[in-house]
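Below is one structure, written out as C-alpha cells; the observations come after it.
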Amino acid sequence: MPITQAVIELNMSPEKFASANQVDPKRGIDRQPAGLDFYSVEWPSTARGQVFLEHGPYSFVFPNTLRVTGTYDHAVPNDGIYVFRITGGMATQSDIYHDEARLRFLEFLAMLKQKGWRTFINLEDPRLPTHQALHYALQEDNILYSVPIDAEIDLNTWMQIKANDWRMYAGDAIMKIGFRRDTSRLDLDKPSAYLFSYEIYNRQQLIREHLSFEEQKQAAQIWPELKLELEEKRLQKEALLELQGYHIDRSYVGPELNLAQ
C-alpha cells in the first residue's frame, strides 16, 4: 500500500522524492530513453491519499488524490524534479453531486487565497477585474483564459465551465488547476464524476514553455524580446476590450518572469 500522504517540493532531488514517499522502484519510477524520469505515487480510488506541497508559508495539502507524478530531466540535473502533476477529486469517492463539487472546490480555492496564492494572468492575456474576467473566460472563443481564483461561481455558471482552468502563483511557484466532469451525467439532482488535475512548476519552467527546444539554447537573447511581444499582444487585446466596455485592471501585479542569471 502507498503511504497515506506524499510530500513534494519543487526542485527536490529524485532521490529525496523516492525516499520520502517510499516509491516502489519497479512501479513508481519510469525511466525513458529520452532522458526523462517520472517518479510516481498512486492510490486506489477506494482509498485515496493526500499530497502535501512544501512551499514555505504557501504550503498546503491536495485532498483525495489518486496520483502524483514528478518529472526529472537528466539534461538539467540541477533542476531536480521541476514539475509535478497531480490528479484527484473533491471527495473520497468518484461520484459527487455537481453542487457539492462546486462548493468544495470553491472552499479549496478560498484556502489557497488565504495562504497567499494569487491569480496569474498569462503575459499575452488581458488584465480584467474578477467579475469581467469570469464573463470573458466563459465566451466560446476564450476557453484558454483562466478563471480568477476569487471568482464567485454559482451553480449555473459552474455547469458552463468546460475547458477553462485556474492559474495562480505564490513565491516562485506557478500552479494550474482544471477539471473534467462526466458529460453524460449532467442532471443536477443526481451525482456525477469529477476528476481534478493540478500542475505545479516554477517561473523558469514557465519561460521554457514559451520556447522551443532549439530556442532554449539561446533563451538569454530570445526571451526578453519575446516577452515584450507577448506584453504588446496583451495591450492590443486590452485596447479592443475597452472599446467593448470592459475595464482593465492595471493594478494587477504578476510574478517577475525573468531568466535566472
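The values are calculated or read from the model by the stated rules, or taken from the named source; none is laboratory data. This structure is a prediction, so every number in the text was calculated from the model and none was measured. Here the Cβ positions follow ideal geometry from the backbone for every residue, glycine too, while neighbour counts run over all protein chains shown. In case anyone asks, the SASA skips ligands and DNA or RNA and just uses the protein heavy atoms, side chains included. Shrake-Rupley method; radii C 1.70, N 1.55, O 1.52, S 1.80 Å.
When restricted to residues that are out of contact with any helix residue (DSSP H, G or I) (no Cβ under 6 Å at 6 or more places or on another chain), outside any loop (DSSP other than H, G, I, E, B), surrounded by fewer than 17 Cβ atoms within 10 Å (Cβ to Cβ) and not polar (S, T, N, Q), segment 119-170 contains 5.
Sort out which residues of segment 82-94 are open to solvent by less than 10 Å² (accessible area, probe 1.4 Å) and assigned to a strand (DSSP E or B), and write them in order of number.
Answer for segment 82-94, where residues must be open to solvent by less than 10 Å² (accessible area, probe 1.4 Å) and assigned to a strand (DSSP E or B): VAL83, PHE84, ILE86, GLY88.
Residue-level check: of (1) open to solvent by less than 30 Å² (accessible area, probe 1.4 Å); (2) under 25 Å from GLY178 (Cα atoms); (3) of a type outside the set (D, E, K, R); (4) free of Cβ contacts under 8 Å to residues at least 24 places away in the same chain, ALA18 misses just (2). The set of residues in segment 1-14 being surrounded by 12 or more Cβ atoms within 10 Å (Cβ to Cβ) and either of a type in the set (Ser, Thr, Tyr) or at pLDDT 95 or above (or both) consists of GLN5, ALA6, VAL7, ILE8, GLU9, LEU10, ASN11, MET12, SER13, PRO14. In segment 96-113 there is at least one residue matching the filter, namely being under 28 Å from SER192 (Cα atoms), of a type in the set (A, V, I, L, M) and in a strand (DSSP E or B). Residues in segment 28-81 that are polar (S, T, N, Q) and either more than 19 Å from LEU112 (Cβ to Cβ) or not in a strand (DSSP E or B) (or both): GLN32, SER40, SER45, THR46, SER59, THR69, THR71, ASN78.
So for segment 199-210 (the condition being open to solvent by 90 Å² or more (accessible area, probe 1.4 Å), modelled with pLDDT of 95 or more and out of contact with any Lys or Arg (no Cβ under 9 Å at 6 or more places or on another chain)), does at least one residue qualify?
Of segment 199-210, the ones open to solvent by 90 Å² or more (accessible area, probe 1.4 Å) are 209.
Filter once more, keeping what is modelled with pLDDT of 95 or more: none.
No: zero hits.
Sub-6 Å Cβ pairs linking a first residue in segment 181-205 that is in a strand (DSSP E or B) to a second residue that is surrounded by 15 or more Cβ atoms within 10 Å (Cβ to Cβ) and polar (S, T, N, Q), at least 6 apart or interchain, are ARG181/SER192; ALA193/SER94; SER197/THR87, ordered by first then second residue. Tallying residues that are over 27 Å from SER94 (Cα atoms), within 24 Å of the chain's Cα centre (by Cα) and in a loop (DSSP other than H, G, I, E, B) within segment 10-27 yields 4. Got at least one residue in segment 178-189 being under 25 Å from THR4 (Cα atoms) and more than 13 Å from the chain's Cα centre (by Cα)? The answer is yes; a qualifying residue exists. Taken over segment 217-261, the criterion of being modelled with pLDDT under 95, in a loop (DSSP other than H, G, I, E, B) and loosely packed, with under 11 Cβ neighbours inside 10 Å is satisfied by GLN218, VAL253, GLU256, ALA260, GLN261.
Of the candidates PRO77, PRO63, the single residue that is at pLDDT 95 or above and either crowded, with 18+ Cβ neighbours inside 10 Å or out of contact with any Phe, Trp or Tyr (no Cβ under 7 Å at 6 or more places or on another chain) (or both) is PRO63. Looking at the structure I just gave you, is ASP249 closer than 30 Å to THR92 by Cα and not small (Gly, Ala, Ser)? Against the criterion (closer than 30 Å to THR92 by Cα and not small (Gly, Ala, Ser)), ASP249 does not qualify.
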